[in-house]
Amino acid sequence: MTISKSFFIALFIGLHTFISSSVFAEPKTPPPVPDALKGLGGDFTLHSINGDVSLSDFRKKVVLLYFGYINCPDACPATLSNWARAFKKLDEVERHFVQGIMVSVDPERDTLKKLSLFTDFFHPNIVGVTGSIDELKKVTKLYKTDFQAMPHEPGKNYSVHHSVYIYVIDPFGQVRGILNFNASPDKLVKNIRKALQVYY
């Protein structure tokens, strides 16, 4: 007897639905946030090559949030590289519930197309977003950080001072932890799974 391709597709969808509804069942109320993290973070909307992106778009997922820029010589590529390695260590279901967001604080140079190419190079679960200086300042204020482009002549290279922290945001949209940019893939996986357990 020949089993059709559509049978396997239907079986996969059924299994995915079962796993999502049983293993990842939504709790009634969010657990309290640690005192040290209260008042930190919040929803925001910035822009990607595919349109506006809000943090709330990824509710029910763990989000890794980082402020950086494409021309960053060390911390930013190291951060996204470790994210990619961490995501590969997750199983398929876990990976479905994780999203990386890199907020570019260099809108002068980081176009939406460049951002998309940059984040896609590392992993499809990472999206690059940016906005005007005013929009970015509002977002960084929510996360109690800041950025500053160094004085430069038009067309000349320059650096941007920014934080080097990774914000681990749980599926309720609450900051659950802050990691240094060079957190190892294993440490990232541990924190991702811990944040998933808060919700599922």
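Nothing in this text is a laboratory measurement; each read-out follows from the coordinates by a stated rule. Remember, predicted model here, so these are calculated numbers, not experimental data. Here Cβ is always computed from backbone atoms with ideal geometry, including for glycine, and neighbour counts include all displayed protein chains.
Taking the condition under 28 Å from K38 (Cβ atoms) and not β-branched (V, I, T), does H96 pass? Break it down into steps so the answer makes sense when it comes.
Details: under 28 Å from K38 (Cβ atoms): no; not β-branched (V, I, T): yes.
Against the criterion (under 28 Å from K38 (Cβ atoms) and not β-branched (V, I, T)), H96 does not qualify.
Would you mention how many residues in the stretch 116-138 are surrounded by fewer than 22 Cβ atoms within 10 Å (Cβ to Cβ) and part of a helix (DSSP H, G or I)?
Total meeting the criteria: 11.
If the Cβ limit is 9 Å and pairs must be 6+ apart or interchain, which residue in the stretch 114-131 that is at positive phi pairs with which residue that is assigned to a helix (DSSP H, G or I) and of a type in the set (D, E)?
none
If a residue has to be outside any loop (DSSP other than H, G, I, E, B) and among the charged types (D, E, K, R) to count, how many in the stretch 85-115 make the cut? Spell out how you get there, then give the answer.
Taking the stretch 85-115 and keeping what is outside any loop (DSSP other than H, G, I, E, B), we get 85-89, 92-96, 98-104, 112-115.
Narrowing further to those that are among the charged types (D, E, K, R): 85, 88-89, 92, 94-95, 113-114.
Qualifying residue count for the region: 8.
Taking the condition of being small (G, A, S), at negative phi and not in a strand (DSSP E or B), how many residues in the stretch 142-165 meet it?
So the first thing to find is which residues in the stretch 142-165 are small (G, A, S), and the list is 149, 155, 159, 163.
Applying the additional criterion that residues be at negative phi yields 149, 159, 163.
From the residues that got through so far, the ones that are not in a strand (DSSP E or B) too are 159, 163.
Here the count works out to 2.
Please state which one of V189, V168 is in contact (Cβ under 8 Å) with a residue 40 or more places away in the chain, under 15 Å from the mean Cα position of the chain (by Cα) and outside any helix (DSSP H, G or I). Spell out the reasoning first.
On the way: V189 fails: outside any helix (DSSP H, G or I).
Answer to the selection: V168.
Could you check the stretch 151-191 and list, in sequence order, the residues that are more than 20 Å from I133 (Cβ to Cβ), hydroxyl-bearing (S, T, Y) and touching a strand residue (DSSP E or B) at 6+ places or on another chain (Cβ under 6 Å)?
Within the stretch 151-191, Y165, Y167 meet the criteria.
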